[in-house]
Amino acid sequence: MAENLNVALELKDVDEDTAALAELEVKTSGSQVPYLVDSEKEVAMFESSDIIEYLRENYANTGATMAVAKSRVHVGGSVCESCEG
């Protein structure tokens, strides 16, 4: 999805990076992913559909870089929109 909008995301894999997981837990009091942080606009959100809408409205085709915590492991074989677009 991010590639389609020409948005560069800084992905943090909380399954493999304990520091990224600790950072997520401090920011959210939990470990739910995906989690988007836009430090420029002081915006943070969880829901895949909200993240996609936000990126489309604010960053589509700008080439901006943002940080996102994303797990690469999905329970039960499910795939979230933010991972697959």
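Filtering the stretch 24-43 to residues that are out of contact with any helix residue (DSSP H, G or I) (no Cβ under 9 Å at 6 or more places or on another chain) and free of Cβ contacts under 8 Å to residues at least 40 places away in the same chain leaves E25, V26, K27, T28, S29, S39, E40, E42. G76 passes every criterion in (1) part of a helix (DSSP H, G or I); (2) at pLDDT below 70; (3) crowded, with 17+ Cβ neighbours inside 10 Å apart from (3).
Looking across the stretch 1-41, the residues that are within 18 Å of A60 (Cα to Cα) and of a type in the set (A, V, I, L, M) come down to M1, A2, L5, V7, A8, L9, L11, L36, V37. Does S71 fit the bill of being at pLDDT below 70, under 21 Å from V14 (Cα atoms) and out of contact with any helix residue (DSSP H, G or I) (no Cβ under 8 Å at 6 or more places or on another chain)? For S71, the condition - at pLDDT below 70, under 21 Å from V14 (Cα atoms) and out of contact with any helix residue (DSSP H, G or I) (no Cβ under 8 Å at 6 or more places or on another chain) - is met.
Scan the stretch 52-63 residue by residue and report those that are part of a helix (DSSP H, G or I) and exposed (fewer than 14 other Cβ atoms within 10 Å of the Cβ). Hits for the stretch 52-63 are E53, E57.
The values are calculated or read from the model by the stated rules, or taken from the named source; none is laboratory data. Note that the structure is predicted; figures quoted are calculated from it, not measured. Don't worry about glycine lacking a Cβ; one is built from the backbone with ideal geometry, like all the others, and counts go over all protein chains shown.
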